[in-house]
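Working notes, structure below.
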Amino acid sequence: MAEIIDISDDDVVIEEDPKKKGTNTTAGSNKRAFRCLNSDCRAEEKLIKAEEYVRRYFGVLPYPKKKRVCESCLSEAQQQQDSLVDCLTSGRLLLAEKIPPPKTTVVLTDSDSDPSDDEVESSGLESEYVFEEEEDGFSLEETILALTKELGLYRQVKEGAKHLEDELLKIQESFSNLESEYSKTETSLDNVRKDFYNTFRLEIMWQNALDIGPSSTLTQQDGSGEVIAESSVVVPNENLPPVGPLQRWELAPNEMVYAMKYSLFARWVQAQIIEVETRKPNNTAYRIRYNRNAKGAGLPRIIPGRQLAYYEPCATRIPVGTRIIAKYKDDDPKNTTISGSFYVGIVAEIPTVANKYRYLIFFDDGYAQYVHHADIRVVAESSACSWEDVSSDSREFIKEYLQMYPERPMVRLQKWNYVKTEWNGRWWRAQVKEVDGSLVKMFFPPLEGRCEWIYRGSTRLSPLFHKKMNIQAQAEQPVRAIRRRTAALPSRAVVEYGTFGQDQDLDTATPAVPTPSAEVPGQPRSVARKSTSRPSRPGTPPKEVLLKVEQESRGFTNQHSFQDKVVKFATHLCTSQCLGAGDSMKKYKGLSPLLQPLLFGWRRQFVKICRKTVNRYEIYYTAPCGRRLGSIEDVFKYLLMTESNLEVDCFSFELSVMVTHEWEPFKKIVDIEDFSKGEENVPISCVNSLEEVLPQELRYCNVRIPTEDVPLDLDPDFLVCCDCTDECRDKSKCECWQQTIANTKILERQENQSAGYTYRRLFEQVQSGIYECNTKCKCSNHCLNKVVQHPLRLKLQLFKTARRGWGVRTLHDVPRGGFICVYVGRMLNEAIANEEGKIMGGDDYYAELDYIEVMERAKEGYEDEAVNIEEDTLYQADLNDQGGSESNDSDSLFSENDTDNTKEDTDFSHPSCIRRSGGVAKREKSARLQERAAKRSRSSSQQKKEDSSRSNSDDDLAKSKKSKNKGKKEDDSKKEDKEGDKESSDKDDKEGKKESKEKDEDEAEEEDEDADEKQRQPQPFVPRQLMEANTALAKRPKSIRDYFGTDEAVYIMDAKHTGNIGRFLNHSCEPNVFVQNVFVDTHDLRFPWIAFFAISNIKAGTELTWDYSYDVGSVAGKIKYCYCGARKCRGRLL
């Protein structure tokens, strides 16, 4: 039983010696005289010692100091006693008598208010009654039976029970009548209230339907005239148009449009339709003229409808997958060339509350940005699968995104987090500056403050990149069953799967078609609608399921109480005699290990430490001999000195751990006392509070069972062992400890001397594995490096959950780092596991013994973190040579002499100039500007030949017309010069002004041409490493597993039909249990033990969960959603 003790600064408790009491006090001290025990009387004269029935009558029986009563109060109690005796002897029913209610007294007083009898009488102890046998020889039992028969107590009990039943029936009938009257009163009150409000109620008339959101519909009740909204909606921004089918109409002559002028990555400019050249479904050609200004209107050009966009915003909301152009707004206000211009892309998200009613746009050059509806224009024509029109670099990413929509993976990030991010072919340690919906703003410290908005589902973020690489690696292997990852790598950035607010408008999120009449049945869509062929993500569960979820965790906590025996400490040397009668843990097997010390005379105390600046509570253990211990180290030393059978993990100094608490469910429809059938050291109870269903039949075992194809060698001669005699307290002298510490250097670059257990508690995962002491070691079972090999000690319970099958919870508190259980079953090789998984369907209970793979994955990128100074210097020098700006900070991948045939990009192929990985590509001048430069250098004819050889027939026609116009301009200028000689000086001044004006217009036109040709630095959604994944996988170094044999693969622990309690632990995205690989009976890296440890302090009644670490998408055609209910749930398991 816990107690609270105040301790002074010197931590010394000053106890008053009872022998010294009253030595310096007088007879007339502050002690009060005796008073009557009746709180309503409190007389101080003529007091008599009260009998027990008197004290019970006045309700002071629990207070030992209240033993005096006055004569009047004694008479009152005596009368009541006589009436009860008379009723009993006369045979009347006691329960039928009118007995006054018992009096209860609560004493609020200090220790000196009423003196005890011990201070007045020398003999304060009441004499015990000794029964003496009568002369006739009747025993006590026979005498009691005779009195019971004489007084008719059996009849009193029987008739009393019947009397209580009758009274209960009367009470129930009275309650039913009262409830009926209450219901009538409540109904009448509701009618009065309705009549009162109906007087002021406005008449609601049927009006035209208003658009208040895509997730609600309006219905009209027959004859009521009321408008009822079905399902709750959030009213969107008033700038959004109504929901409706996307309409694409045929462009007409003289209609204004936006047109692509140079390439997919350049900005789109205004143009005007001249006429329709050819008309085909989804392949109409138009003759247009670009509208820059009156002088630079240009010649007509034939362009397909896929390169034209409507001039006005769409009248309805735009669905996901629609081909559009949108205004891009750069964060740099100085970049006016790119910011505010239209660029081509695709709609990735529809406006919802989650994204502040904006569209997420994926631009073809890899940029992503949220855009308002007014800044978007729909492309006039699009392919049946809209991703076919996207640039080749982003096509596969867009295709995969649209096929998965609305579910998609994204990296969960928070501000100031660090995550490796790809840029320009290299991985950089970038910091999160801001998170906006599905976008994250990454800051690259090594790149002179570069910032960039990145889609959180892009594989340029390392968590998603590694998951994609793992899926590709698994795709090259034979078809494999579902596996649970046994040791997930810790990471701050978590990949979560969900709809992120996009599932509420699935029916409106499908891509638009050209026209309603042009829709072809059976045509593939870029985003699938709801279908029975693919399970849709479940939303909010029904109310019945929510009630079951709440019911499964209902229970109460019992608290064990112990008699508090205070032992005064005397200075002595502790030996085995201090333990008293002994402390064998087998005596109380089945109870919490934290409770066992209290059963053997230990006391666990909450001690308040009072300091000058701050007060705090700490835990102290008091041994049976009275010695107080304030740390786990002191407890361990005491156990060794006294040769105690208690073990060090039976003690906890955590303030939040209540060792006396034990949880129990309220309802038990199914209750099994021991699910393990005696196989475990502690019985495992099984309850079902939801329905009368038993768990599936299981062959329970607590050890691993290898099959004949598993080469598990348990020969102890191949184990590393120690010769410690101090229970392995000194890690530097224990060979087993040193093996654990030495392995940490593989991942941490230096040995972690604190790796492993801390007094049998594991506070963090050791990825390199733990090597426990074994049977060859000289240490005993009290060794600090023996944990997992001990049998189960916690009191666990198997229970039925509402949505996740059977789960496991703890019935008492578990301290942080405490060992819980192991995961055992049949050990299979991969071939047999795959075969049985397909036939028997038991792969949900497979656990990989993938210690080798986890270690090798953890070492991936180890070399990337080491920076080569020479390479880094050359790289920075290259950046400086290119100007050090964002627009020119990449290496050139093509020769400066290469030209770009941008006008031939009618098939939307990737232009050659865009292959540069750096900033805004350094393009050559357009054909028109090249002709001007060639004329000034007197080499126009040669330049025209080069231009004609790089252009198509349409471009040749346009250039020939341009050259004729240029020739005419030259003749006109010569004539003007000749005529100018003859005119007056005033006219020369006018001509000079006119020529300067034309020169300014030409320069402005050249700037506009350059701005149209300029394009942003392409940023593909997919990094280069993923594009070259097959090459990278082929060059992957040889695995350690390959040295065991050519056909070696990961071994599987199958717990479908044979296993222990560990198989029932459910998954959670925020688990309270982690997995640790431990080597006990073999040091073969292929066969570690799978052990579970507590991540934090776990309260009694809490379900135990761990992270399965499934790779989503690793099993083709199989989808599993997560129902863990965690605040940061990732949404999907597979």
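The values are calculated or read from the model by the stated rules, or taken from the named source; none is laboratory data. Remember, predicted model here, so these are calculated numbers, not experimental data. Note: ideal-geometry Cβ built from the backbone for every residue, glycine included; neighbour counts use all protein chains shown. Surface areas here come from the heavy atoms of the whole protein model, side chains and all, with no ligands, DNA or RNA. Shrake-Rupley method; radii C 1.70, N 1.55, O 1.52, S 1.80 Å.
Annotations
- Enumeration of residues in region 358-379 that are touching a residue at least 60 places away in the same chain (Cβ under 8 Å) and either within 15 Å of I454 (Cβ to Cβ) or open to solvent by less than 10 Å² (accessible area, probe 1.4 Å) (or both): L360, F362, D364, D365, G366, Y367, A368, Q369, Y370, I376, V378, V379
- The residue list L690, L712, L762, L698 contains one member that is surrounded by fewer than 18 Cβ atoms within 10 Å (Cβ to Cβ), under 23 Å from G1062 (Cα atoms), in contact with a strand residue (DSSP E or B) (Cβ under 8 Å, 6 or more places away or on another chain) and touching a residue at least 12 places away in the same chain (Cβ under 8 Å), which is L712.
- Of everything in region 817-868 that is out of contact with any strand residue (DSSP E or B) (no Cβ under 6 Å at 6 or more places or on another chain) and basic (K, R), the residue that is modelled with the highest pLDDT is R857.
- Test result for S224, more than 28 Å from T316 (Cα to Cα), at pLDDT 70 or above and of a type in the set (S, T, N, Q): no
- Residue tally, condition of a type in the set (F, W, Y), farther than 19 Å from Y700 by Cα and either more than 33 Å from the chain's Cα centre (by Cα) or assigned to a loop (DSSP other than H, G, I, E, B) (or both), over region 658-688: 1
- V635 being open to solvent by less than 30 Å² (accessible area, probe 1.4 Å) and touching an Asp or Glu at 6+ places or on another chain (Cβ under 6 Å): no
One line per residue, one yes/no per condition, for (1) open to solvent by less than 60 Å² (accessible area, probe 1.4 Å); (2) over 17 Å from E654 (Cβ atoms):
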{"position": "T571", "(1), (2)": "no, yes"}
{"position": "C574", "(1), (2)": "yes, yes"}
{"position": "G582", "(1), (2)": "yes, yes"}
{"position": "L599", "(1), (2)": "yes, yes"}
{"position": "Y617", "(1), (2)": "no, no"}
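- Scanning region 806-847 for residues that are open to solvent by 30 Å² or more (accessible area, probe 1.4 Å) and over 22 Å from T557 (Cα atoms) yields a count of 14.
- Pairing residues of region 390-417 that are within 12 Å of D364 (Cα to Cα) with residues that are open to solvent by 10 Å² or more (accessible area, probe 1.4 Å) and of a type in the set (A, V, I, L, M, F, W, C), at Cβ distances under 6 Å and at least 6 apart in sequence or on separate chains, gives R395/W387; F397/V1022; I398/W387.
- Checking each residue in region 651-671 for being open to solvent by less than 50 Å² (accessible area, probe 1.4 Å) and free of Cβ contacts under 8 Å to residues at least 60 places away in the same chain picks out only F651.
- Which numbered condition H1057 fails, given (1) touching a residue at least 40 places away in the same chain (Cβ under 8 Å); (2) assigned to a loop (DSSP other than H, G, I, E, B); (3) open to solvent by 20 Å² or more (accessible area, probe 1.4 Å): (2)
- Sole exception among (1) at pLDDT 55 or above; (2) in a loop (DSSP other than H, G, I, E, B); (3) charged (D, E, K, R) for E126, by number: (1)
- L95 closer than 30 Å to E159 by Cα and modelled with pLDDT of 80 or more: yes
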